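Following: one structure in structure tokens, then a few remarks.
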Amino acid sequence: MFFANCLAVSVLVILAWPVFAEDGAFKYDSKSRRDPFIPLISESGGYASDAYEASAVEDIRLEGIVWDDVKGSIAIINGEIAKEGDSMGAMKILKINKDSVIFDVSGESVQVELNID
């Protein structure tokens, strides 16, 4: 029994080894999704989101569009629900199309396509 327990612990250590960086800190690959290890609530008690810190189009993840021609469409950007006229950091949403969103970035219109994988 002792041998089986030691073997199990050894296997766990070997399997977990590549997850840790050289300095022993855990490294998580979020694969372009929200890191679940970062709290949703900030230290001040407010909702923490990276959507409102966006300063360039490269910071935007267009995750979905809910198209409604009558009541107005919404977009899911960096995990946040947004509509036309909303600001995301330094950018403003000008138009939500069926498969893209147009942003105003420093006075320039930039279109971000919905990436369907």
Suppose we keep only residues that are farther than 28 Å from PRO36 by Cα and of a type outside the set (D, E, K, R) within region 74-95. Which one would you say is surrounded by the most Cβ atoms within 10 Å (Cβ to Cβ)? LEU94
Residue tally, condition over 15 Å from the mean Cα position of the chain (by Cα) and either surrounded by fewer than 12 Cβ atoms within 10 Å (Cβ to Cβ) or of a type in the set (S, T, N, Q) (or both), over region 100-117: 9
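Read the figures in this text as sums done on the coordinates, not as results from a lab. Here the structure is a predicted model, which means the values were calculated and not measured. Heads up, the Cβs are rebuilt from the backbone with ideal geometry, glycines too, and the neighbour counts pull from every protein chain shown.
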